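The values are calculated or read from the model by the stated rules, or taken from the named source; none is laboratory data. For clarity, every value in this text was computed on a predicted model and none was experimentally measured. Virtual Cβ from ideal backbone geometry, glycine too; neighbours counted across all protein chains shown.
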Amino acid sequence: MNTLTGGCLCGAIRYTVTAKPWAVSHYHCADCRRATGAPFITWITLPVDGFAWVQGKLGVHHSTEGVTRGFCTDCGTSLDDAEAVTPDDHLWSGSALSWLHMADGLPRLKQGHWGVGYPHKPKEK
């Protein structure tokens, strides 16, 4: 995988991703919707040592037990090239908004990967 880069809209925050993602998932949980103001958010799950903040100071919010969200306090963050990753699945699909219909054929898990792993991906050797 090539290195991915990203940052916030105002340019204060920059980061790099050097690890292959474990999963790229559309999250439909209410907390993700509140955090972004969007009907769902697409997250990349990867090993922590494959991610680095390279510029700026993050704001931090402990949104739910065991979850800490880092963000630019003035705007939001995104990959520079969002086409560089492809979604694998939908998580927390039981919380998806009733008016959102996505016919993408991706697997839908009622909750997150915790406890079930990544059932749609072949195990790497």
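Here is a list: VAL67, VAL54. Which entry is modelled with pLDDT of 90 or more and β-branched (Val, Ile, Thr)?
On the way: VAL67 fails: modelled with pLDDT of 90 or more.
From the options VAL67, VAL54, the qualifying one is VAL54.
Quickly run through the stretch 43-77 and pick out the residues that are assigned to a loop (DSSP other than H, G, I, E, B) and over 19 Å from TRP92 (Cα atoms).
Those that are assigned to a loop (DSSP other than H, G, I, E, B) and over 19 Å from TRP92 (Cα atoms): PRO47, GLY56, LYS57, LEU58, CYS72, THR73, ASP74, CYS75, GLY76.
Could you please let me know if PRO39 is surrounded by 14 or more Cβ atoms within 10 Å (Cβ to Cβ), of a type outside the set (Phe, Trp, Tyr) and more than 16 Å from THR77 (Cβ to Cβ)?
So PRO39 fits the description; yes.
Please count how many residues of the stretch 78-101 are in a loop (DSSP other than H, G, I, E, B) and farther than 16 Å from LEU46 by Cα.
Going through the stretch 78-101 one residue at a time, the tally reaches 9.
Can you confirm whether SER25 is under 18 Å from TYR118 (Cα atoms), part of a strand (DSSP E or B) and under 16 Å from the mean Cα position of the chain (by Cα)?
yes
Report every pair of residues separated by at least 6 positions or lying on different chains whose Cβ atoms are under 7 Å apart, first residue within the stretch 97-116 and surrounded by 10 or more Cβ atoms within 10 Å (Cβ to Cβ), second among the small types (Gly, Ala, Ser).
Once the first residue is surrounded by 10 or more Cβ atoms within 10 Å (Cβ to Cβ) and sits in the stretch 97-116, its partners that are among the small types (Gly, Ala, Ser) give ARG108/SER93; LEU109/SER93; LYS110/SER93; LYS110/GLY94; HIS113/ALA23.
I want to confirm something. Restricting to the stretch 17-53 and keeping residues that are among the hydroxyl-bearing types (Ser, Thr, Tyr) and in contact with a Leu (Cβ under 9 Å, 6 or more places away or on another chain), which single residue is farthest from LEU4 (Cα to Cα)?
So the first thing to find is which residues in the stretch 17-53 are among the hydroxyl-bearing types (Ser, Thr, Tyr), and the list is 18, 25, 27, 36, 42, 45.
Checking which are in contact with a Leu (Cβ under 9 Å, 6 or more places away or on another chain) leaves us with 18, 25, 27.
Numbers: THR18: 7, SER25: 17, TYR27: 21 Å.
So the residue we want is TYR27.
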